[in-house]
1. I'm checking my understanding of the structure. Among residues of segment 227-254 that are basic (Lys, Arg) and in contact (Cβ under 8 Å) with a residue 12 or more places away in the chain, which one is most open to solvent (accessible area, probe 1.4 Å)?
2. Among the residues of segment 169-180, are any within 21 Å of Val278 (Cβ to Cβ), assigned to a loop (DSSP other than H, G, I, E, B), at pLDDT 95 or above and open to solvent by less than 10 Å² (accessible area, probe 1.4 Å)?
3. Among Glu257, Glu224, Glu279, which is the only one that is more than 30 Å from Asp20 (Cβ to Cβ), at pLDDT 95 or above and open to solvent by 30 Å² or more (accessible area, probe 1.4 Å)?
4. Please determine, by comparing only the residues of segment 309-330 that are assigned to a helix (DSSP H, G or I) and not aliphatic (A, V, I, L, M), which one is nearest to Ala344 (Cα to Cα).
5. All but one of (1) crowded, with 24+ Cβ neighbours inside 10 Å; (2) part of a loop (DSSP other than H, G, I, E, B) hold for Leu65; state the number of the condition that does not hold.
6. Collect the residues in segment 19-58 that are open to solvent by less than 40 Å² (accessible area, probe 1.4 Å) and in a loop (DSSP other than H, G, I, E, B), keeping them in residue-number order.
7. Select from segment 202-221 the residues that are buried (at least 16 other Cβ atoms within 10 Å of the Cβ) and among the hydrophobic types (A, V, I, L, M, F, W, C) and list them in ascending order.
Amino acid sequence: MTVQTSMELPMAGSELDESDIQAVLNVLRSGRLALGPEAEAFGEELAQRVDARFGVAVSSGTAALHIAVRALGWGPGDEVLVPSFTFVASVNALLYEGVTPVFVDIDPRTFCLDPQCVEAALTPRTKGIMVVDVFGHPAPWGELLEIAQRHGLRLIDDSCEALGAEYQGRKLGSLADVSTFAFYPNKQITTGEGGMLVTDDPQIASLARSLRNQGRGEMGAWLEHPRLGFNYRMSELNAALGRSQLARLDRFMALREQVAHMYTQRLAKVEGIKPPVVEPDVRMSWFVYVVTLDEGIQRDEIVRTLKTHGVPSRAYFSPIHRQPCAAQWAPEEGSLPVTEDVAARTLALPFHNRLSEAQVERVASALEEALADRRD
């Protein structure tokens, strides 16, 4: 018999310490809360960390994606290939600029774009690819870069879930025309709210700095606006926290990898689920820990049972082409079979830096019992 408990584990969480608090206090004491040195330094430091030339700090990962789309000149009449198995911001950034999203199916192992499906979806109107490194696993960049070069396409890397990840020894952030990162509290590092655009192109970087600041020119007068822009600036408080967190990124990644390893070992022999796959030629940057339920298992039942144990869990992701906001761009029924299948069977478990071995055992035991109850 399962007993209801009020001691529910947190689904996610940030790791904050005195250095983070001190960094924010220093900004408060300085009196310079916006348009100051912290945001610029954060951009430079993160760009250096991912082997990019320029980093532009902004208010969110969504803002970074939107600026990236605008900076590449994509607009009405253009098609951009994008997975449906992603967070909605990947698609929203295209829709903000009137770009037509063309949804492409994914690889059943990594849940990232399937290069063969990308090739099949190309049309004369295709201008680029919105690549997503799902859950922190790098997309198949070798094949995607070859496709882009052969067809003259531009690439945006939505690496908002994958800070620190690498593909064949190359850091994400150094592969696409423009790459983006996000720092929500469930990410590898946090600024509370915030994002970053990185690029090797000085013109894109300059345009991004203007677009984030109401379209003002970098060297222009205070109230001169040579272009339409946005209020996408990152505050000095957020940036100071980001710099403090970035200094501990390697430690955070190691802790998250350790938690993922504990989960994978414990769940390896549990019937009814498959742990996540990490391909041998990549360095995973663990964002969430997502298992795949076997066919025929009702995920909602598992979620409800886990909740009675005080263990939260979530479906991850609901396909974008099934969302009302993107319904008019939905492809024909059955054209994204892997996306539909994966989206119906994936389940995210509690995951963060500080998850202990005892807590992992609690989650795994609850999941094992939930699956066993279903078979009885």
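The values are calculated or read from the model by the stated rules, or taken from the named source; none is laboratory data. Predicted, not measured: the structure shown is a model, and the values here were computed from it. Every residue, glycine as well, gets a Cβ built from its backbone with ideal geometry; the counts of neighbours run over all protein chains shown. Heavy atoms of the whole protein, side chains included, go into the accessibility calculation; ligands, DNA and RNA do not. Shrake-Rupley method; radii C 1.70, N 1.55, O 1.52, S 1.80 Å.
1. To start, the set of residues in segment 227-254 that are basic (Lys, Arg) comprises 227, 233, 243, 248, 251.
Those left that are additionally in contact (Cβ under 8 Å) with a residue 12 or more places away in the chain: 227, 233, 243, 248.
Working: Arg227: 94, Arg233: 78, Arg243: 75, Arg248: 36 Å².
Top of the filtered list is Arg227.
2. Yes; the residues of segment 169-180 include at least one that is within 21 Å of Val278 (Cβ to Cβ), assigned to a loop (DSSP other than H, G, I, E, B), at pLDDT 95 or above and open to solvent by less than 10 Å² (accessible area, probe 1.4 Å).
3. Values: Glu257 fails: more than 30 Å from Asp20 (Cβ to Cβ); Glu224 fails: at pLDDT 95 or above.
Sole residue among the options that is more than 30 Å from Asp20 (Cβ to Cβ), at pLDDT 95 or above and open to solvent by 30 Å² or more (accessible area, probe 1.4 Å): Glu279.
4. Taking segment 309-330 first, the residues assigned to a helix (DSSP H, G or I) are 320-322, 324-329.
Keeping just the survivors that are not aliphatic (A, V, I, L, M) gives 321-322, 324-325, 328-329.
Values: His321: 14, Arg322: 12, Pro324: 18, Cys325: 20, Gln328: 22, Trp329: 20 Å.
Within segment 309-330, the match that is nearest to Ala344 (Cα to Cα) is Arg322.
5. That leaves (2) as the condition not met.
6. Correct list: Gly36, Val50, Ala52.
7. Those that are buried (at least 16 other Cβ atoms within 10 Å of the Cβ) and among the hydrophobic types (A, V, I, L, M, F, W, C): Ile204, Ala205, Leu207, Ala208, Leu211.
Okay, residues lined up against (1) modelled with pLDDT of 95 or more; (2) part of a helix (DSSP H, G or I); (3) open to solvent by less than 20 Å² (accessible area, probe 1.4 Å); (4) out of contact with any helix residue (DSSP H, G or I) (no Cβ under 8 Å at 6 or more places or on another chain):
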residue	(1), (2), (3), (4)
Phe287	yes, no, yes, no
Ile302	yes, yes, yes, no
Glu332	no, no, no, yes
Leu355	yes, no, yes, no
Ala358	yes, yes, no, yes
Val363	yes, yes, yes, no
Leu367	yes, yes, yes, no
Asp373	no, yes, no, no
